[in-house]
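What follows draws every value from the coordinates through simple rules; no lab data is involved. Given the structure is predicted, the values throughout are model-derived calculations rather than measurements. Glycine also receives a Cβ, built like all others from the backbone with ideal geometry; neighbour counts cover every protein chain displayed.
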Amino acid sequence: MSTDSAHVHNVAQRPIAPPPILTPSTGLCYGPATVVNKVIIVGNLGKDPEVRFTPNGKALAKFPVATSERWTDAEGNRQERTEWHNVVVWGKQAETCGQYLSKGRQVYVEGSIRSRQYDDKDGNKRYITEIVARDVRFLGGSRGSPEPSVSVPPGEDTGPPSNEDDIPF
């Protein structure tokens, strides 16, 4: 056996350490069995929040948020792409959003992505993807009118009621 093959053989026998599994507090990565559904966006409201209440009295606010991405293409032309996100907020946060947010206002939204289907008024199946917010922060005023930042602490009632049929829209 040559010294080169012996060296390779010894390297192969060394235990290979698994890649480190870092915790969320380190902010780097998760283990292979962990699943994460988390989204953070900062954008501007496309319209005033629509606030309704379930038959049980739980507040629900819905509003679209626009995020934009800008870049220069290979030919040197400035490009922009705007994505629209449907945001759903529950409980006390929903009431606060309805009271203080308006079209054009900049917001920070943290939550999870949820897809669902429903039947429209004509009986057609529709599919929608929404961000169910856990934390909403009001960043600036609407375009052109500076206002102080307002933070709405996440509440315990940030999820939908147990029976989604109670959702009024």
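Of the options N56, V87, A133, report the single residue whose Cα projects farthest towards the positive end of the charge dipole of region 39-157 (beta-carbon charges: Lys, Arg +1; Asp, Glu -1). The Cα lying farthest towards the positive end belongs to N56.
Other residues whose C-beta falls under 9 angstrom from the C-beta of T129 contribute a net charge of +1, scoring Lys and Arg +1 and Asp and Glu -1. Taking 0.36 nm per residue of separation and subtracting the Cα-Cα distance, full extension of the segment from S68 to L139 would add 23.9 nm. When V51, V136, V87, V42 are arranged by Cβ crowding within 10 Å, least crowded first, meaning fewest neighbours, the order is V42, V51, V87, V136.
Remark: region 40-55, residue by residue, has Karplus-estimated 3J(HN,Hα) of 10, 10, 10, x, 10, 5, x, 7, 4, x, 9, 10, 9, 10, 6, x Hz, where x stands for each Gly or Pro and the curve is 6.51 cos²θ - 1.76 cosθ + 1.60 at θ = phi - 60°.
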